1. Looking at Arg47, Arg59, which is the one that is loosely packed, with under 12 Cβ neighbours inside 10 Å and basic (Lys, Arg)?
2. Report the residue count in region 15-44 for those that are surrounded by 11 or more Cβ atoms within 10 Å (Cβ to Cβ) and within 17 Å of Val2 (Cβ to Cβ).
3. Enumerate the pairs (first residue in region 42-54 and in contact (Cβ under 8 Å) with a residue 24 or more places away in the chain; second residue anywhere and in a helix (DSSP H, G or I)) with beta-carbon separation below 6 Å, excluding pairs fewer than 6 apart on the same chain, so at least 6 apart or on different chains.
4. Write out, first by first residue and then by second, each pair whose Cβ atoms fall under 7 Å of each other, whose residues are 6+ apart or on separate chains, and whose first residue, in region 5-24, is at positive phi while the second is part of a strand (DSSP E or B) and of a type outside the set (Gly, Ala, Ser).
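What follows draws every value from the coordinates through simple rules; no lab data is involved. Treat the numbers as computed from the prediction; the structure is a model and nothing was measured. Every residue, glycine as well, gets a Cβ built from its backbone with ideal geometry; the counts of neighbours run over all protein chains shown.
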Amino acid sequence: MVGVRLVGVWKEFGGVVAVKDMNLEVEDGEFMILLGPSGCGKTTTLRMISGLEEPTKGRIYIG
């Protein structure tokens with residue numbers, strides 16, 4: 001397993017901000033959940049971590 005780190009990650013779709021300045025660090029061996037209301041950016045965040053979406057700003061580190 002590897003760790004995941006998001007630093008200042010933003011995602012915008014046509015001027016609409018889906019994820020705003022997200023910082024997250026998940027260490028090797030840890031479990032993490034994303035919990036929130038509909039439309040808060042959970043799926044978009046997972047799509048960026050998996051490489052299906054590119055962040056508008058910020059960096060995602062895996063490993």
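1. Every option except Arg59 fails the conditions.
2. 4
3. Glu53/Arg47
4. Going by the 7 Å Cβ cut-off, the qualifying pairs are Gly8/Asp21; Gly8/Asn23; Gly8/Lys57; Asp21/Trp10.
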